[in-house]
Amino acid sequence: MKNKYIIGGFVAAMMAPALVSCSDSYLDESPLTNISAVTVSSSEEGAMAAVTGLARQMQRQYSNLKNGNLNVSGETYLATIYGEGLGPDGNFGEITAYLKSGIKPANFRYPNGWWGSWMYRYAYSFIGSANSILADIDDDTTDSNQLWLKASALTMRAHAYTRLMQVFAPRWADSDNGNKYVLVLRIHAGEPNDHPFNTCNEIYDQMYADLDEALRCFELTKKKRGDDLFYVNEDVARGIYARLALLKNDYKTAQKMAHDARQNYPIMDPEDYMNGFSTDTSESMWSPAHDPLGIYYWNFGNHYACNGHYVSGSWGYTCAMEYNLYKEMKATDVRSRLYFGPLTVEHAPDLAKKYEVTAEDFFVDSIYSPQSTLFSITGSGTKPKGKNLAMWNFIKAYGKQILYSASTQKDGIYALNKYGLALGTQFKFQSVDDGYTSCWVPYMRSAEMLLIEAEAACQNGDDATALACLKELMAKRDSEYSFSGAGAELLAEVKLQRRIELWGEGFNFFDYKRWAEPITFRTFNKDDMANMGSFPAALAATYQPDFMNGWRAAIPNNEFDYNKEADASLVGQ
C-alpha cells in the first residue's frame, strides 16, 4: 500500500499552481524526471485538485519558453505554432512575421533552437506531472476517486506522447515497421535521467496500454467530469486513441475509436458554427477552461481571433485561409461565410453594393500590394485609398455583421491596417468580451472524430462508412453538397473536407506530414490567380516529404546533456 495523505480545502485549492510550479524546475534544468512527487488521497478533494493542476498545465504561460512576442501559453498556442504555422493552408500573420525566413520544416532541425524544443519541453513537463500523480495510486485500487484520477492522468500522458510523436517521430511508413528509435519513454516518477531511446513501437504499445487501462478505470469509477470539459473522460480517451492509431496507420483501431468517441456529441448546426469557437458547442468533447487562468494577453484570442486585441487594436496582424483552399468551398457552404473572398459578395450583397465591391474585383491583380508577410488586398499603411479602402471597409463591416460579440469590442474588427489584410481573411475565431479578448478553441470536437472515422474507413476499404460520415458532416455544412466517388477519389474528398473543417485548429502541418504530401507555400501570382496564395515571394517554397529527415524535429541538445545513455545516432542526429 502506498503512502497517502488527505488534501483538504485550502491545500486542494493550492494544488493546481503547485503542480505547475513543480514543472518549472523541469523546464529550467534537466528535461527529464526531477519533478517532486505529488501525493494525493482517496478523497474527492485530492483527486480533483490533482487533475485540475494537471489540466491547467495545458493552459498557462511558460515564461521561459519565449521568443519575441511568441510566448508559449499552453496547448492551443503550441498547436497553432506547429500545426498551423508550418502548414500550407493558412497565413498566420504573427507567426509569419517572426519567422519570415523560417516558416519551414528546416527549423525543426536545429537542436539548439527554440522552434524544435518547445513541444519537447512542454510535453515532457506534462508527462512528468502525470507520472507524479500515478506514482501515488495503487495499481489494484478500487477506490472511485483514485480510479478517476488514474484514468485522467493516463489519458493526458497519452495525449502528451501523441504530441511528441507528431513532431519528433518518423511517419509510420518510414519507421521500419515501428522499429526506428524516436524518444525516451518515461512512465515512472523519480526514475534516473539516464535512459536509452525507445522505438516507435515501444511508445505506441505503451500508450495503447495506457489508454486501455484508462478506459477500464473510467468504466469502473462512479465519478464523472460533469460540465467542466477541461477534464478528460472516456470519450476523450477514445479520441486520443484514434489520433495515435492514425499516426500508426492502424486504421482499424482509428475507425472504431473515433466512431465510439463521438457518439454523445452531435455535429453542430450552421448557426452554431457561425458563432465562432469562443464557447462550447454540441461538438465540444474536450475544451480549455473558459477563464484567463493567468494567460491574460497571451491567450489564443488576443493574437489570432479576428477581433482579438493584438489583431484589431495594436499590431494589426491577420490570419487568412490560402486561396487554393478557399476556392474549394461553395457559397452554400456555411464555412465559406467565415472567410473574406469572392463568395462574400454573395453572402452580403447589400454591403458589397454599399462599398462597390464585386466578385471580379478579387481577381484584379493591381489592387494587391506586397507586404512583409502577405500580399494585401487592402493596400499598405493605415490609410488605404480607392479599391483598397473599399475592401478594408467591406471586411470590417462584414465582420461586424456576423460577429455575435462585435458590438462589445472596443477595438473593432481588423480595425488597423498596419500590415494589410489578405484574401481569405478569417472570421472563424471570435473572441469574447472578457477584458482579454479570449477565444477558447476546443482541444477535441466530434467533427474531427467523424473525419478520422471517414479517413480510416477509406483506408480500410469501407467506402460506405466513409461516404456516410461525409454526408453526416456536410448535411450540417452545405445543404447542396453532393458526392458519390469511391476509392482514391473518396479519400481525397475526405482529406479536403478535413482541411476545410479543421482549418486553424492545429492539424494542418501534422496532417500533411502523415499523408506524406508536399507542402507548398504559395505566393501571389497575377498569371495564375486561380491557384495563388498570400505568402510573399521570400517565403514561397515547396517541401517534399523527405525534406529534413522526413519533417522530424531534432531532439533538443539538453536531452543529451542530461541523459548519458541517449545515442544521437539512433535518432538521426
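Given (1) in contact (Cβ under 8 Å) with a residue 24 or more places away in the chain; (2) in contact with a helix residue (DSSP H, G or I) (Cβ under 7 Å, 6 or more places away or on another chain); (3) surrounded by fewer than 23 Cβ atoms within 10 Å (Cβ to Cβ), identify the lone condition not met by ASN179. Against the list (1) in contact (Cβ under 8 Å) with a residue 24 or more places away in the chain; (2) in contact with a helix residue (DSSP H, G or I) (Cβ under 7 Å, 6 or more places away or on another chain); (3) surrounded by fewer than 23 Cβ atoms within 10 Å (Cβ to Cβ), ASN179 comes up short only on (1).
Looking for whichever is in contact (Cβ under 8 Å) with a residue 24 or more places away in the chain, part of a helix (DSSP H, G or I) and over 24 Å from PHE510 (Cα atoms) here; the options are LEU215, LEU211, LEU244. Which one fits? Show your work before the answer.
Values: LEU211 fails: over 24 Å from PHE510 (Cα atoms); LEU244 fails: over 24 Å from PHE510 (Cα atoms).
Of the residues listed, the single one that is in contact (Cβ under 8 Å) with a residue 24 or more places away in the chain, part of a helix (DSSP H, G or I) and over 24 Å from PHE510 (Cα atoms) is LEU215.
Can you pull out every residue in the range 184-234 that is among the polar types (S, T, N, Q) and either modelled with pLDDT of 95 or more or within 22 Å of SER446 (Cα to Cα) (or both)? Residues satisfying the conditions are ASN198, THR199, ASN201, GLN206, THR221, ASN233. The residues of the range 251-278 that are of a type in the set (Asp, Glu) and within 16 Å of LEU450 (Cβ to Cβ), listed by number, are ASP260, ASP269, ASP272.
Taking residues in the range 305-332 that are touching a residue at least 24 places away in the same chain (Cβ under 8 Å), and partners anywhere that are β-branched (Val, Ile, Thr) and assigned to a loop (DSSP other than H, G, I, E, B), the pairs with Cβ atoms closer than 7 Å and at least 6 places apart or on different chains are ALA305/THR437; CYS306/ILE413; ASN307/ILE413; ASN307/THR437; GLY308/THR437; HIS309/THR437; VAL311/THR318; SER312/ILE413. Filtering the range 471-516 to residues that are assigned to a loop (DSSP other than H, G, I, E, B), touching a Cys at 6+ places or on another chain (Cβ under 8 Å) and either surrounded by fewer than 18 Cβ atoms within 10 Å (Cβ to Cβ) or on the phi < 0 side of the Ramachandran plot (or both) leaves nothing.
Find the residue count for the range 551-568, including only residues that are among the polar types (S, T, N, Q) and either modelled with pLDDT of 95 or more or within 12 Å of PRO196 (Cβ to Cβ) (or both). Even if it seems obvious, please write down each step before you answer.
First, the residues of the range 551-568 that are among the polar types (S, T, N, Q): 557-558, 563.
So of that shortlist, the ones also either modelled with pLDDT of 95 or more or within 12 Å of PRO196 (Cβ to Cβ) (or both) come out as 563.
Going through the range 551-568 one residue at a time, the tally reaches 1.
Summed over the range 303-327, residues that are surrounded by fewer than 23 Cβ atoms within 10 Å (Cβ to Cβ), at pLDDT below 85, not in a loop (DSSP other than H, G, I, E, B) and not hydroxyl-bearing (Ser, Thr, Tyr) total 1.
In the range 117-136, what count of residues is obtained for those that are touching a helix residue (DSSP H, G or I) at 6+ places or on another chain (Cβ under 9 Å), surrounded by fewer than 24 Cβ atoms within 10 Å (Cβ to Cβ) and over 24 Å from ILE555 (Cα atoms)? Total satisfying the criteria: 2.
Of all the listed residues (THR523, THR465, THR542), the sole one being surrounded by 14 or more Cβ atoms within 10 Å (Cβ to Cβ), β-branched (Val, Ile, Thr) and over 26 Å from ALA245 (Cβ atoms) is THR523.
The values are calculated or read from the model by the stated rules, or taken from the named source; none is laboratory data. This one's a predicted model, so the numbers in the text were calculated from it and none came from an experiment. Note: ideal-geometry Cβ built from the backbone for every residue, glycine included; neighbour counts use all protein chains shown.
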